[in-house]
Amino acid sequence: MKSKEQIMQLKSIPIAEYLNQKGFKPVKTIGAEVIYYSPVNEEATPSFFVNPIKNVFHDYSGVGEQGDIIRLIQYIDGCSFMQAVNMLEAFKSEILPSFSFSGNPSQETKAGIEITSIQPLRNRSLLAYVGSRRISQRIATEYLREIHYQVKDKSYYAIGFGNNKGGYELRSQYFKGCTSPKWFTLLQGQETNEVNVFEGVFDFLSCCEWLGVTKLKNPTIILNSVSFLKDALPVIQKYATVNAFLDNDKAGRQGIERLREAGLIVQDCSHYYQGSKDFNEYLTSNRPP
């Protein structure tokens, strides 16, 4: 259990630095506020405000979610308070090894993630993490890679999922991040009039696992963040029907509505994981280790 002082220290990690390392870039500045597109909700006009001085956020795109950096992680990742604390602790030690608890990051923290090698997924701890999410090695190794990277002079590793611009989504037990550029991923399939759309890679892998296949028939887009739906729309519009595997939350519902507004026939496939937030949550809850 973390002490009150340790929690306060973690809360002093700058939200702007956290968002930057996660691949979210500011759009503009108004007075003391830095403005972003929402990391959770799809929107045409940026309305996610960060006050670097107070180190708080306010997302006007949804139900008005706001708070400190721990609340931000809970909001983005849909996790508990202690899970957010653990993730933030890992972020501090991996990405901000020289963070000063005066409230300001040192100059060294401005360095990003440098990939040193991309390998087939073999690391036991990474395979164990994938297994904890009920994804078999057979399916995981088809799409995921073992990424070794450095932040300044420290070395780390994580599973990686590549996007169509050469960036990678990075995941480990306590770390969730990405390399630049962040973008969506298009996986080719058979020539059909349908396209599958998933929010995240683990939802896609969960679908493959649930159906017992390594590849889905239709072309598939993994958004890597629902905020990239607008960027993926020109590709999606090439198909007559969209099989949408989006989260069972407000952002997911808004995404489906956006697709329908674009004149597409949308099959809401969330019935596969009814009662759960997403496909992976459903899989982990309904399939034994």
Which of Leu205, Ser270, Ile118 sits closest to the plus end of the dipole of the chain, meaning its Cα is farthest towards the positive end, when Lys and Arg get +1 and Asp and Glu get -1 on the C-beta? Ile118
Could you work out the local net charge near Ile15, counting Lys and Arg as +1, Asp and Glu as -1, over the other residues with Cβ closer than 11 Å to its Cβ? +2
Over the stretch 206-266, with the other protein chains present, what is the accessible area per residue in square angstrom, probe 1.4 angstrom? 41
Accessible surface of the chain, 1.4 Å probe, proportion on carbon and sulfur as whole %: 48
Structure shown: which of Lys54/Lys182; Lys176/Lys238; Lys54/Lys154; Lys215/Lys238 lie over 24 Å apart, alpha-carbon to alpha-carbon? Lys54/Lys182; Lys176/Lys238; Lys54/Lys154
What angle, in degrees between 0 and 90 and rounded to the nearest 10, separates the Cα long axis of helix 81-94 from the longest principal axis of the Cα atoms of the chain? 70
Please list 3J(HN,Hα) in residue order for the stretch 271-279, calculated via the Karplus relation 6.51 cos²θ - 1.76 cosθ + 1.60 where θ = phi - 60°; whole Hz, with x for glycine and proline. 5, 5, 10, 4, x, 10, 5, 8, 5
Before I look further, what does the stretch 6-101 give for accessible area per residue, probe 1.4 Å, in whole square angstrom? 42
When ligands, DNA and RNA are left out and all protein chains stay put, how many square angstrom of accessible area per residue does the stretch 132-188 have with a 1.4 Å probe? 46
Can you give the local net charge around Leu223? Use residues other than it whose beta-carbon is closer than 13 angstrom to its beta-carbon, Lys and Arg +1, Asp and Glu -1. -4
Ratio of the Cα radius of gyration of the chain to 2.2 N^0.38 Å, where N counts its residues: 1.00
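The values are calculated or read from the model by the stated rules, or taken from the named source; none is laboratory data. These numbers were taken from a predicted model, which means no experiment stands behind them. Using ideal geometry, Cβ is built from the backbone for each residue, glycine included, and neighbour counts are taken over all protein chains shown. Accessible surface is based on the protein model in full, side chains and every heavy atom, while ligands, DNA and RNA are left aside. Shrake-Rupley method; radii C 1.70, N 1.55, O 1.52, S 1.80 Å.
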